[in-house]
1. Surrounded by 12 or more Cβ atoms within 10 Å (Cβ to Cβ) and at pLDDT 95 or above: does that describe residue 17?
2. Could you run through segment 53-85 and say how many residues are surrounded by 11 or more Cβ atoms within 10 Å (Cβ to Cβ) and over 12 Å from the mean Cα position of the chain (by Cα)?
3. Of all residues being of a type in the set (Ser, Thr, Tyr) and at pLDDT below 95 in segment 26-52, which is surrounded by the most Cβ atoms within 10 Å (Cβ to Cβ)? Just the residue, please.
Amino acid sequence: MTSLESAPAGFLSFLLERALYAFLRRALREGSAREPYRGPARFVADRFVYTNSATGEFVSFWGLEQITWSGEVAYELRYAGGFLG
């Protein structure tokens, strides 16, 4: 048994949460200037997969981003925005 297998469940979810948000920050840095809404359409590292589906243009946009870990949805965000001027 490894030390992680014997760790309390709360500690494991704390570690997964930290890893998930570190991965999200990496994915968001991969976004493009052409579509600056969130991250790229797809970004993969280790067992994490980030997907982003955006609709619209800079003046009015919306979308859905998800992170899966080992094939299970671990994070989801629906977003909307646009130019307010």
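The values are calculated or read from the model by the stated rules, or taken from the named source; none is laboratory data. Note that the structure is predicted; figures quoted are calculated from it, not measured. Don't worry about glycine lacking a Cβ; one is built from the backbone with ideal geometry, like all the others, and counts go over all protein chains shown.
1. Numbers: surrounded by 12 or more Cβ atoms within 10 Å (Cβ to Cβ): yes; at pLDDT 95 or above: no.
Spelling it out, it is not the case that residue 17 is surrounded by 12 or more Cβ atoms within 10 Å (Cβ to Cβ) and at pLDDT 95 or above.
2. Of the residues in that region, 13 qualify.
3. Taking segment 26-52 and keeping what is of a type in the set (Ser, Thr, Tyr), we get 32, 37, 50-51.
Keeping just the survivors that are at pLDDT below 95 gives 32, 37.
Numbers: 32: 10, 37: 20.
Among those that are of a type in the set (Ser, Thr, Tyr) and at pLDDT below 95, it is 37.
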